Each structure stands twice: as C-alpha cells, then as structure tokens.
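**Student:** Sending over a structure as structure tokens; questions will come in a sec.
The values are calculated or read from the model by the stated rules, or taken from the named source; none is laboratory data. In this text the structure is predicted, and so the values were computed from the model without any measurement. No Cβ is skipped: glycine too gets one built from the backbone with ideal geometry, and neighbour counts run over all protein chains shown.
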Amino acid sequence: MAFLSSKKLVLTLSAIAISLTQFAQQPCGMNHAEQQLLQQNPSSSPIIESAQKELENFTQNYISSRATSNNKIVIPVVFHVVHQNGSENISEAQIKDAMRQINEDFSKSNADLSNVVPAFEGRIGDANFEFRLARKDPNGNSTNGIDRIVSSATNVGDQTAKINQWPPQKYLNIWTVANINFGAAAYALLPSVAAGNPSQDGIVSEHTYVGTIGTAAGGDGHTLPHEIGHFFNLEHPWGQSNSPGQTQNCGDDDFVQDTPNTVGTFGSCNTTQVSCGSLDNVQNIMDYSNCPVMFTEGQIDRMRAAANSGVAGRNNLWSQQNLNETGVGQLYSADFSAENATICLGDSLRLLDGSEYDPTSWSWNLSGSLQSTSNNKNPVVFYPEVGVYDVLLTSFQNGNQKSELKDGFVMVNNPVGRSMPYTEDFENVSQTPNIKWYTSDNNSNFGFELDEINGKQGGACLKMTNYSNSNDKPYKAISETVDLSVYDQFDLSFDLAYAMQSGGSGQDRLKIYISGDCGETWTEVFNEIGPFIQSASGVNGAFTPSSQSDWRAFSIDNLGAPLNGNNARIKIEFEAEGNNNLYIDNVNITGDWNDTPSLVYPFNGQTKLPSDFTFQWQPTGESISEYEFQYSDNIAFNNPVSTTKQKISVDPDNPDTEYDVTGLDPNATYFWRVRYVTNGNPGPWSDVWEFTISETGVGFEESLKEKYHFTVFPNPVESQINVRLLNNEDKPAEFSIYSMTGQRVFFSKQTISTGENVVQLNVDQLSGGVYLLETTIGSERITERVVVR
C-alpha cells in the first residue's frame with residue numbers, strides 16, 4: 001500500500017485507539033474498548049494525535065533514509081497471569097512456549113513459513129527482534145518474568161485487568177486472563193495510544209491464545225505476535241478498522257508499501273483470494289485468517305521504526321542500560337538441554353546451549369565421552385560405553401562466567417535391551433538417575449525419585465514427589481532399553497498409588513509412552529488425569545501409601561509393532577498441577593513370543609572388536625529344543641562356523657544363549673545369525689548382523705585394560721573378587737556389578753593410588769551365575785565378565 005498521506009495524518013480515536021484480534025471469535029469489541037478509554041481519559045485525545053503525527057513522520061524518515069540496519073533488538077517481557085486458581089493460571093511451560101513462537105515469528109524462523117505461497121515468498125521479512133523474559137523486576141529483584149495475580153478481573157479482561165503494570169518504557173507487559181468480555185481473543189495499544197494512556201500500555205490475551213501447549217493446545221500461537229505487531233505500530237492489512245470483509249476497506253490503508261490492498265479475511269485461508277484487484281496476502285500475521293505465518297519486509301521496517309522512536313518509550317525498551325536493569329542484557333545464567341539425552345551405544349547426541357544471555361564462549365566438561373571437553377556452542381558428543389554421565393557447562397561473556405552442572409544428564413544404553421520377560425520392582429535400582437531409570441526436569445524438591453520403603457510390598461518403588469508443587473510442568477522417568485522384538489504382541493502392567501488432596505483441582509496427569517527405537521520417536525499408550533488414576537480416598541496433606549489397599553493395578557494390553565523394537569524404552573511422564581504424590585511399582589512386560597531370535601552382541605555394524613569375545617542372543621519362552629548359531633566371513637554364509645546349543649531356560653544368565661569365539665582375523669568383517677530348532681525342525685533365521693575386528697585385533701576396552709594393566713582374579717570366584725590395576729596418579733574409581741538382566745547388584749566407590757592397586761570386592765552375597773563387573777576410572781570404563789560359584 002501507499003505510505004500515509006497528509007490527509008490521513010489527522011486521525012480520530014476510533015481509527016487508532018486500540019487494535020484487537022478476534023481470530024476464532026466474533027469481530028466485535030472495538031467500540032467498547034475505545035469508549036472505555038475515552039471515558040477513563042478524555043484528555044488523552046490531543047496527546048494521541050500529536051504522538052501519531054510524530055511517530056509517522058519519524059517512520060517515513062526512517063524508511064526513506066534506509067536507516068534500517070538489522071541489528072538485533074532485544075525486548076524485556078513480563079507476563080502478568082491474572083487468575084482465580086483455575087485453568088487460566090497457565091504454566092511456566094506454556095508461557096515459555098509462547099515466547100518460543102513469538103521469537104520464531106520475529107526472526108523468520110517459524111516452521112510454517114514453508115506454507116507461504118510463491119507470490120509472497122520474496123516479501124517475507126526478518127524483524128530480528130528477540131523477546132526475553134525479564135530476570136529482574138522493577139525493584140532489581142530476581143524474577144522469572146512471570147507475575148501471578150489472583151483477581152476476579154481475569155473474568156472481565158478489559159482495562160481493569162491490567163494490574164501491577166511494570167514500567168512500560170522498561171518492559172513489554174502481557175496480561176493473560178480467562179475471558180475478555182467484549183469478544184476479543186487479545187488486544188494491544190498502538191504506540192500513539194499508549195503515549196496518551198501509559199498506564200494502559202501493554203497486551204491483554206485470553207490464556208487459550210498464549211502459545212501452542214497447555215490451555216492453548218491446538219492453536220497456531222500467532223495471536224501474541226499479531227498483538228506485538230500492533231504494539232510496534234502495525235495496522236491490520238485492510239487498514240484501521242476492526243471489520244474485515246467490508247468492500248470499503250479497499251480504500252483504506254495500513255501505511256505499508258508491500259502489503260496489497262485487501263478487504264481482509266476472517267477465519268478462512270483462501271490463498272488465491274483477490275479482493276481489491278490484486279492477490280491478497282491472507283497469510284499475513286496481521287490478518288484475521290486462520291493461516292497467519294508471515295510479516296512483510298515493509299511491516300518489518302515499520303516495526304523497527306517504532307522501536308527506534310521515543311513515542312511511548314519504545315526506544316528505551318532495548319537500550320543497553322535498560323537491558324542490564326531488567327536482567328536480559330548480560331550473562332545471567334548457564335543452562336543447556338539436549339535433543340535427546342537418552343541414547344543407545346553407537347549414537348551421538350547434540351547438546352544445546354541455553355545460557356541467558358548472549359555468552360561469547362563456552363567450555364563443556366563431558367565425562368565419559370570420547371572428546372571429554374569441547375568449546376563449541378552446541379557440541380555433538382559420542383560416548384563409547386554404556387553408562388550415565390554428568391555434563392558441566394561454563395559460559396563466558398566479557399570476563400563474566402556462569403556454570404551449570406547436571407548430574408546424570410546423559411544416559412547411554414545398549415542398542416539391544418534387557419531380555420524378556422521384564423519385571424521391575426525397583427529393589428535393585430540405585431538412586432535415580434542411573435543406568436536403569438533416567439529422570440529429568442527434577443529440582444531439589446519435586447520430581448521422580450527412588451523411594452526405598454513405600455512400595456506395594458513394603459520395599460522400593462518409584463515416587464513422583466508432587467505435594468504442594470507449584471512448578472506446573474512435566475516430569476519424566478525413562479527406562480533402560482528393553483528388547484521387545486521377541487514378542488509379536490505384549491502387555492505393559494504396573495501398580496500405582498495416588499490420592500488427591502481434598503478439594504484439589506484433580507488436574508495432575510499421568511502419561512505413559514513407549515518407543516521402539518531407543519527414544520527417537522514415542523507413542524502415547526496411556527493418558528489419564530487425577531480422578532481416573534486415584535487409588536485411595538482424598539487426603540489432607542501429603543499422600544503416602546500405608547497398605548496394599550492403597551494401590552491399584554493398571555494394564556495396557558495388545559501392544560505391538562512398531563513399538564516392539566530390540567531397543568525399546570518406557571517413558572513415564574507426570575504433568576504436575578500441584579495436587580499430590582504418586583507412586584509406581586511392579587512394572588512388568590509380558591507377551592506372545594515370536595519364532596525369530598533376537599541378537600544381542602556384537603551389535604550390528606559394530607567396529608574395533610577384539611579377536612576374542614562372546615556372541616550373545618536373547619533366550620525365548622517358546623518350547624524349543626535348541627539354538628542353531630552361525631558366523632561367516634561372507635553374507636552368503638558359505639562355509640560358516642556353525643554350532644547348536646541346547647536350550648536350558650528363559651534365564652539370560654545361562655550359557656545356552658552365548659558362544660565364545662577366538663582368533664578372528666584383524667580388520668576382517670564377519671556376519672552372524674541364530675535360529676530356533678524344535679524337535680529337529682529349524683525355524684526362520686534371525687536378522688543378519690555384521691561386525692568388524694579392529695586392525696590390531698585388540699578392542700577399545702582391551703586398550704584400556706592394557707593401559708591400566710587391568711586383571712580380575714580369581715575368575716570364577718566364590719566370595720571375593722580382586723581387581724588389579726596400575727595407575728599413574730591418584731584417581732576416584734567406581735566398581736559396579738550387574739546381573740545379565742542389567743540389575744546392579746553391587747557398588748563400591750574407592751580412591752586408587754599412584755602405582756599398583758589390588759581392590760578387593762566382597763561378593764559372597766551374590767547367588768551363583770554370570771555377572772558383569774564395570775570399573776569406572778575417571779571418565780573411562782572397563783567391563784569384565786565374572787562367574788560367581
């Protein structure tokens with residue numbers, strides 16, 4: 001559209017007072033809001049008119065002089081959550097999701113930009129704005145940028161809901177409410193109107209339009225970006241009314257050169273619409289269509305002009321002094337996340353820096369990884385051994401530094417999981433997180449943890465500590481990998497104890513997911529809220545089960561492909577709404593055995609193996625006679641090495657599911673497979689897996705064993721294992737013993753001295769069988785199979 005003419009510099013309040021967004025609601029409320037402002041402050045009219053002229057002149061000069069450097073503009077934000085303890089008291093997670101969507105829309109990085117029709121692809125603008133939740137309040141105190149206010153004004157949503165405004169020249173104030181009584185989804189003030197009504201400056205939105213999760217689940221998240229557009233002086237594409245679809249809108253203007261004249265769209269998405277002689281930009285975020293995804297370059301220029309103008313103090317929002325005073329202009333904290341922190345051996349993970357704000361360099365300490373350290377912002381990390389590993393990040397900025405240590409942040413499991421049938425009673429689980437159960441999103445008071453005394457049978461269980469939790473976020477517990485490939489169909493069962501607080505909201509929610517691919521993808525198999533999972537009557541205070549009658553059994557039946565992978569995982573997710581504690585015990589998986597064996601070790605594609613090792617496969621519950629095993633140096637299995645093993649039982653500790661091999665050729669590739677035999681009749685072969693011997697015939701662990709002169713004796717052992725190793729400096733060492741089902745049955749932590757050490761481990765409490773001794777020295781791990789008699 002053409003720029004503003006001199007005729008249009010004289011604007012009435014009815015044209016500029018308040019911009020509103022209805023989207024999925026009726027397009028009404030504009031006059032109500034205008035009249036409300038006029039009644040409250042009739043003397044603001046000349047101030048608004050003067051501010052509009054000043055801002056428009058500044059905007060035109062800004063654009064014509066091309067003073068449009070695309071430096072980042074950082075805006076401090078505060079959310080005022082106005083509520084009455086209902087669903088409108090939205091979670092911090094939902095607010096952060098809204099911030100994510102806002103920042104994507106204002107950085108040209110929202111995924112739905114790919115939907116823009118070709119005619120407007122070249123007009124997509126990048127505002128290069130970044131919105132940050134304030135870290136200091138107006139008094140200089142620490143804050144998370146969320147101000148929760150209990151008030152009945154949440155049900156009205158008009159100007160009276162703008163409670164406890166923080167200085168608008170220092171913060172973008174956003175109020176979330178239950179309802180806006182004049183029919184809008186959200187509304188904002190243009191800068192000129194805010195100049196005449198500074199106490200009303202900011203945005204009001206119904207909570208169901210904040211982000212894309214929580215109470216806004218299913219929405220597109222573009223409502224707040226629309227309102228922020230108004231906050232930075234954008235009109236609707238059809239002009240200054242609140243009535244899209246009117247033919248007279250073709251003669252109106254939004255003062256943006258590259259947005260076509262349009263009558264406007266409400267609630268539809270006809271991307272071929274021509275309403276004023278040219279193709280409409282119905283995908284514009286400032287329209288009322290149901291497919292808003294983009295700002296144009298002209299709109300970006302106009303918003304950046306408003307941000308540089310002194311009208312309503314917009315230019316002070318992002319001054320360096322204000323950014324420092326609101327806590328978003330300097331390094332505030334170190335933090336990080338991962339795309340997937342639970343991986344399988346052989347996979348890598350990417351760590352993602354989340355430090356606030358603007359670190360210039362990074363130092364990662366990556367215990368157990370191949371690289372040990374990294375100075376990349378988002379390093380890709382590889383772990384050569386199964387285990388649970390700590391991650392330490394130190395972020396730097398101008399001589400400032402902040403650090404964040406997350407214990408047990410990374411879990412690396414075997415690519416072929418624990419054998420079936422699966423039983424988890426938590427009796428052999430150490431404090432979480434550990435190699436069997438990974439817990440995330442915990443803090444010092446809430447989250448999943450091991451409870452050693454309150455299980456169904458009086459022993460251990462998994463506890464979700466939630467009583468009086470106000471964090472309103474999901475907590476997760478993720479299992480080790482389990483091999484479900486032996487089942488065609490399977491059932492997952494568990495015992496649960498949960499009682500709601502008397503008079504509580506009942507909005508705590510338990511979800512269970514299963515992944516058939518080591519956590520790459522997840523399928524939800526259970527989803528219930530508090531009233532549907534409670535196992536005991538409501539209580540006043542924190543719930544602890546006191547008898548077996550406080551427990552309830554649940555079963556999820558007839559699960560199958562694609563969840564029955566050989567590296568499947570279970571994820572228990574609890575969406576906390578601060579009601580009460582929950583306990584889980586006796587997680588079991590049973591199923592219908594299939595007729596094809598599942599291979600375990602060596603893993604498919606594994607390299608750098610030693611010439612001597614032990615093949616392993618999973619036992620079966622089927623009534624078979626024996627296992628037939630083959631390996632060969634060619635995939636056609638010409639002249640294979642072949643043997644049979646008589647089936648003993650389903651116990652994976654028995655030697656019927658393993659085969660010792662020696663003297664394989666260095667640098668050679670081999671293939672192996674297994675099948676069942678029943679009364680002389682062979683079944684189908686398993687998948688064929690390949691592996692490669694190292695160039696020297698010595699594997700990775702063998703190199704470590706040589707480095708430390710590592711030996712274990714006697715082996716087999718009756719009561720005491722001796723671990724001999726040579727060390728060149730004092731180091732802490734951990735010794736863990738695992739059963740062949742993955743249960744840790746022994747643990748000892750000691751310091752090994754410089755020189756020769758012989759560490760004595762008392763194992764007389766262990767029953768006879770095959771075990772895995774894991775020795776951890778610093779970030780290095782050595783495993784050794786031991787037999788207890």
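**Student:** Quick one: which of 489, 431, 457, 501 is of a type in the set (S, T, N, Q) and closer than 25 Å to residue 565 by Cα? Quick ask: steps written out before the conclusion?
**Tutor:** Values: 431 fails: closer than 25 Å to residue 565 by Cα; 457 fails: closer than 25 Å to residue 565 by Cα; 501 fails: closer than 25 Å to residue 565 by Cα.
Just a single option satisfies the conditions, and that option is 489.
Table: residues versus (1) closer than 30 Å to residue 235 by Cα; (2) of a type outside the set (A, V, I, L, M); (3) free of Cβ contacts under 8 Å to residues at least 12 places away in the same chain.
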residue	(1), (2), (3)
295	yes, yes, no
305	yes, no, no
320	yes, yes, yes
325	no, yes, no
330	no, yes, no
346	no, yes, no
356	no, yes, no
388	no, no, no
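**Student:** Continuing with the same structure: Out of the stretch 540-552, which residues are under 28 Å from residue 473 (Cβ atoms) and either in a strand (DSSP E or B) or not charged (D, E, K, R) (or both)?
**Tutor:** 540, 541, 542, 543, 544, 545, 551, 552
**Student:** Output the number of residues of the stretch 667-717 satisfying the condition of being touching a helix residue (DSSP H, G or I) at 6+ places or on another chain (Cβ under 9 Å) and modelled with pLDDT of 95 or more.
**Tutor:** 1
**Student:** With the requirement that a residue be touching a residue at least 60 places away in the same chain (Cβ under 8 Å) and either surrounded by 14 or more Cβ atoms within 10 Å (Cβ to Cβ) or acidic (Asp, Glu) (or both), what does the stretch 149-161 give you?
**Tutor:** 149, 151, 153, 154, 155, 158, 159, 161
**Student:** Evaluate the following for residue 264: is it surrounded by fewer than 24 Cβ atoms within 10 Å (Cβ to Cβ) and small (Gly, Ala, Ser)?
**Tutor:** No: the conditions fail for residue 264.
**Student:** Moving to a separate point now. So if I check each of 163, 149, which one is touching a strand residue (DSSP E or B) at 6+ places or on another chain (Cβ under 8 Å), part of a loop (DSSP other than H, G, I, E, B) and hydrophobic (A, V, I, L, M, F, W, C)? Show your work before the answer.
**Tutor:** Values: 149 fails: part of a loop (DSSP other than H, G, I, E, B).
Of the residues listed, the single one that is touching a strand residue (DSSP E or B) at 6+ places or on another chain (Cβ under 8 Å), part of a loop (DSSP other than H, G, I, E, B) and hydrophobic (A, V, I, L, M, F, W, C) is 163.
**Student:** Give me a count of the residues in the stretch 638-655 that are at pLDDT 90 or above and buried (at least 18 other Cβ atoms within 10 Å of the Cβ).
**Tutor:** Here the count works out to 2.
**Student:** Within the stretch 36-50, which residues are farther than 15 Å from residue 311 by Cβ and either of a type in the set (A, V, I, L, M, F, W, C) or in a loop (DSSP other than H, G, I, E, B) (or both)?
**Tutor:** 37, 38, 41
**Student:** Can I ask one more? For the stretch 597-614, what are the residues that are more than 36 Å from the chain's Cα centre (by Cα) and of a type in the set (Val, Ile, Thr)?
**Tutor:** Correct list: 614 only.
**Student:** Let me ask another. With 209, 171 as the choices, which residue is hydroxyl-bearing (Ser, Thr, Tyr), closer than 25 Å to residue 103 by Cβ and out of contact with any Phe, Trp or Tyr (no Cβ under 8 Å at 6 or more places or on another chain)?
**Tutor:** Answer to the selection: 171.
**Student:** Answer yes if at least one residue in the stretch 262-269 is over 38 Å from the mean Cα position of the chain (by Cα), part of a loop (DSSP other than H, G, I, E, B), more than 18 Å from residue 297 (Cβ to Cβ) and small (Gly, Ala, Ser), and no otherwise.
**Tutor:** no
**Student:** Residues that are more than 30 Å from residue 486 (Cα to Cα) and assigned to a strand (DSSP E or B): does the stretch 582-589 have at least one?
**Tutor:** Checked against the condition, which is being more than 30 Å from residue 486 (Cα to Cα) and assigned to a strand (DSSP E or B), the stretch 582-589 yields at least one hit.
**Student:** Among the residues of the stretch 559-569, how many are in a strand (DSSP E or B), under 24 Å from residue 528 (Cβ atoms) and either modelled with pLDDT under 95 or among the aliphatic types (A, V, I, L, M) (or both)?
**Tutor:** 2
**Student:** Taking the stretch 278-295 as the region of interest, how many residues are among the polar types (S, T, N, Q) and surrounded by fewer than 24 Cβ atoms within 10 Å (Cβ to Cβ)?
**Tutor:** Counting residues in the stretch 278-295 that are among the polar types (S, T, N, Q) and surrounded by fewer than 24 Cβ atoms within 10 Å (Cβ to Cβ) gives 3.
**Student:** Take residue 480 and tell me if it is among the charged types (D, E, K, R) and over 24 Å from residue 738 (Cα atoms).
**Tutor:** In short, no.
**Student:** Taking the stretch 221-247, which residues are over 35 Å from the mean Cα position of the chain (by Cα), polar (S, T, N, Q) and in a loop (DSSP other than H, G, I, E, B)?
**Tutor:** Hits for the stretch 221-247 are 240, 241, 242, 243, 246.
**Student:** Can you pull out the residues in the stretch 325-353 that are assigned to a loop (DSSP other than H, G, I, E, B) and either closer than 30 Å to residue 417 by Cβ or touching a Leu at 6+ places or on another chain (Cβ under 7 Å) (or both)?
**Tutor:** 329, 334, 339, 340, 341, 345, 346, 347, listed by residue number.
**Student:** Look at the stretch 393-425 and say how many of its residues are over 26 Å from the mean Cα position of the chain (by Cα), assigned to a loop (DSSP other than H, G, I, E, B) and surrounded by 19 or more Cβ atoms within 10 Å (Cβ to Cβ).
**Tutor:** Final tally of qualifying residues: 2.
**Student:** Taking residue 597 as the residue in question, decide whether it is more than 25 Å from residue 451 (Cα to Cα) and surrounded by fewer than 20 Cβ atoms within 10 Å (Cβ to Cβ).
**Tutor:** On the way: more than 25 Å from residue 451 (Cα to Cα): yes; surrounded by fewer than 20 Cβ atoms within 10 Å (Cβ to Cβ): no.
Answer is no for this residue.
**Student:** Given the structure, is residue 456 modelled with pLDDT of 90 or more and in a loop (DSSP other than H, G, I, E, B)?
**Tutor:** It is true that residue 456 is modelled with pLDDT of 90 or more and in a loop (DSSP other than H, G, I, E, B).
**Student:** Give me the strands (runs of 3 or more DSSP E) completely within the stretch 615-721, filtered to those with at least 2 residues that are in contact (Cβ under 8 Å) with a residue 24 or more places away in the chain, more than 30 Å from residue 752 (Cβ to Cβ) and over 41 Å from the mean Cα position of the chain (by Cα), ordered by residue number.
**Tutor:** Working: elements: 626-632, 641-646, 658-661, 669-678, 689-693, 711-713.
Where strands (runs of 3 or more DSSP E) fall fully within the stretch 615-721 and carry at least 2 residues being in contact (Cβ under 8 Å) with a residue 24 or more places away in the chain, more than 30 Å from residue 752 (Cβ to Cβ) and over 41 Å from the mean Cα position of the chain (by Cα), they are 626-632, 658-661, 669-678.
**Student:** Identify, by number, the condition in (1) under 24 Å from residue 126 (Cβ atoms); (2) at pLDDT below 90 that residue 259 doesn't meet.
**Tutor:** (2)
**Student:** Please give the number of the condition residue 312 fails out of (1) surrounded by fewer than 20 Cβ atoms within 10 Å (Cβ to Cβ); (2) on the phi > 0 side of the Ramachandran plot; (3) touching a helix residue (DSSP H, G or I) at 6+ places or on another chain (Cβ under 9 Å).
**Tutor:** The one condition residue 312 does not meet is (1).
**Student:** Can you report the number of residues in the stretch 514-563 which are exposed (fewer than 14 other Cβ atoms within 10 Å of the Cβ) and either under 25 Å from the mean Cα position of the chain (by Cα) or hydrophobic (A, V, I, L, M, F, W, C) (or both)? Break it down into steps so the answer makes sense when it comes.
**Tutor:** First, the residues of the stretch 514-563 that are exposed (fewer than 14 other Cβ atoms within 10 Å of the Cβ): 521, 523-524, 527, 531-532, 537, 540-542, 546-549, 553, 555, 557-558, 561-562.
After this cut, where a residue has to be either under 25 Å from the mean Cα position of the chain (by Cα) or hydrophobic (A, V, I, L, M, F, W, C) (or both) as well, the list is 521, 523-524, 527, 532, 542, 553, 561-562.
Final tally of qualifying residues: 9.
**Student:** Related question: What number of residues within the stretch 759-789 satisfy the criterion of being among the β-branched types (Val, Ile, Thr), over 13 Å from residue 737 (Cβ atoms) and out of contact with any Phe, Trp or Tyr (no Cβ under 9 Å at 6 or more places or on another chain)?
**Tutor:** Number of matching residues: 0.
**Student:** Please specify each residue of the stretch 66-99 satisfying the condition of being part of a helix (DSSP H, G or I) and either at pLDDT 95 or above or of a type in the set (A, V, I, L, M, F, W, C) (or both).
**Tutor:** Selection gives 93, 95, 98, 99.
**Student:** Considering the stretch 116-135 alone, what residues qualify as being buried (at least 18 other Cβ atoms within 10 Å of the Cβ) and closer than 22 Å to residue 319 by Cα?
**Tutor:** 127, 129, 130, 131, 132, 133, 134, 135
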